[in-house]
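Notes for the one structure printed next.
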Amino acid sequence: MRVTLPKDRWAEILDADDMPHSVKVAVDKLYPRADPDHPTDSTRFTPEWLNASQDMMLAHIITDWSFDQPIPNEDPAKVAFMPIPARQVLIEATYPHWEALGFSIPRPDEPNTNSDGTPSTSGSATTSAASSPKAAKPTPAAS
């Protein structure tokens, strides 16, 4: 699937339906381990974790791009050079990928509501450290 990026750039990414299980394994390895003394502590989900998880996802699903750099080939360090606006467009294009991995994604264009339609006051709609409304954080889906 081709994603159009700013400045006439583009990236090809795997469709969420074609994403191999190895992507889930790679992302899951970055998942913060639960603290037995504080099992509901959400502070483990730091901006560093979010960035590392997003970079891992991108490194596994980018198959080609117009940048004058080698494609990542599952190496998240190879997406570090990417301009922030291009990275943000790619992150937004991966919402279906995150959902396929079992994360819930609060979309910036959708209100954060409870199952009964009332506005939610508890935190699943969070943003990146930059507080960009488009930088929605993947959060673990409720079980």
Original post:
Regarding residue 125, is this residue small (Gly, Ala, Ser) and modelled with pLDDT of 85 or more?
Top reply: no
**OP:** Would you be able to tell me the number of residues in segment 52-100 that are under 15 Å from residue 29 (Cβ atoms), surrounded by fewer than 18 Cβ atoms within 10 Å (Cβ to Cβ) and touching a residue at least 40 places away in the same chain (Cβ under 8 Å)?
**Re:** 1
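The values are calculated or read from the model by the stated rules, or taken from the named source; none is laboratory data. For clarity, every value in this text was computed on a predicted model and none was experimentally measured. Quick reminder, even Gly has a Cβ in these numbers, built from the backbone with ideal geometry, and neighbours come from all protein chains shown.
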